[in-house]
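I have placed the structure first, in the form of structure tokens, so that the comments after it can refer back to it.
The values are calculated or read from the model by the stated rules, or taken from the named source; none is laboratory data. The structure presented is a predicted model; accordingly, all values stated were derived computationally and were not measured. Cβ coordinates were reconstructed from backbone atoms using ideal geometry, including for glycine residues, and neighbour counts include every protein chain displayed. Protein only, heavy atoms only, side chains kept; ligands, DNA and RNA dropped before computing areas. Shrake-Rupley method; radii C 1.70, N 1.55, O 1.52, S 1.80 Å.
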Amino acid sequence: PNLTPINANPVLERPRLRGLASNRLLIILDGERLNNMRSDPLSGVSPSVVDVTQLQSAEVVSGAGSSLYGSDAMAGVMNLITASPTRDNHLAVRFNGDARTNSVFRRGAATLNWSRSSVAVRLSGSIFRGANYRSGNQPISLDEVVQLGQLATDMGNAVGNNVARTYAVWNAQAGAEVPNGQGHGFNDQLDLWFFPGLNHSLRYRQLNSQHKSLGFSFISPPFDPRTQFNSFRRLDKYGLRYEGRELRSWLPRISVGFYGQKYAVPDETITSQIVLGS
């Protein structure tokens, strides 16, 4: 409840919680924070830096978590939990993928699990490619767009803010192509567990994600005077964690972890000139 997506490109969507901006919802990956890119055009981190096939579950805690995490958790916290290696003695391989008829969208993923009593490995990866897609079967008239723009202007005037004084005027037929919705890239993850003893475990985790030519759907003429995109987005994350359980009667669990990450994304906005008669 109260969770809504921002943006219409599946690899750039950001979640909003309780109506607050997406940079106020902290996204953590396996308990380790990913936020926050406040210079990103739509702010916050997109959960798609991890492919959905790499996830075991997702937890959303609604409500301010600022006392524990800082001001970027004012709306709440979303924890993305990646799948762990299976500890049984076995070898397993899985493939899956999907394609969509509404656009040129393709995605393929593969996972390899191998384990023994003292070691377990999980290697997974995916690649995807998307293009522009088409809207639904209901047209949007010029009058509807003008009315919405006039409402935004009136609201801006009422509060003394001119942010909505100018807006693009357009109309769309049923099944119209939505421009600037492209993107392609890959995600991969390596998870390596060692079990030196019955109550001890050592875990190394590596996540690499690189996406390119990411377009901001609808932020392109004629829907918007700008053309906005990110030429690339890159996340590299490495972590090491020790965990001990039932070591003493007074010490049921202890864990020590370290991780480092680099998240790189350019803030690129190309603004086209609005000319008379456009």
Would a scan of segment 53-68 turn up a residue that is in contact with a Lys or Arg (Cβ under 6 Å, 6 or more places away or on another chain) and among the acidic types (Asp, Glu)?
-> no
Of the residues LEU198, LEU214, which is more than 16 Å from the chain's Cα centre (by Cα) and aliphatic (A, V, I, L, M)?
-> LEU198
Under the condition of being among the β-branched types (Val, Ile, Thr) and within 26 Å of THR4 (Cα to Cα), which residue from segment 70-126 is most open to solvent (accessible area, probe 1.4 Å)?
-> THR101
Can you name the number of the only condition in (1) assigned to a strand (DSSP E or B); (2) among the charged types (D, E, K, R); (3) modelled with pLDDT under 90 that ARG165 fails?
-> (1)
Evaluate the following for GLU177: is it farther than 30 Å from ARG253 by Cβ, surrounded by fewer than 17 Cβ atoms within 10 Å (Cβ to Cβ) and touching a Ser or Thr at 6+ places or on another chain (Cβ under 9 Å)?
-> yes
Of the criteria (1) more than 26 Å from the chain's Cα centre (by Cα); (2) within 26 Å of ARG14 (Cα to Cα); (3) modelled with pLDDT of 85 or more, which one TYR259 fails = (1)
Could you list, in sequence order, the residues of segment 133-160 that are among the hydrophobic types (A, V, I, L, M, F, W, C), open to solvent by 80 Å² or more (accessible area, probe 1.4 Å) and at pLDDT 90 or above?
-> LEU142
What number of residues in segment 194-230 are open to solvent by 50 Å² or more (accessible area, probe 1.4 Å), in a strand (DSSP E or B) and either modelled with pLDDT of 85 or more or among the charged types (D, E, K, R) (or both)?
-> 7
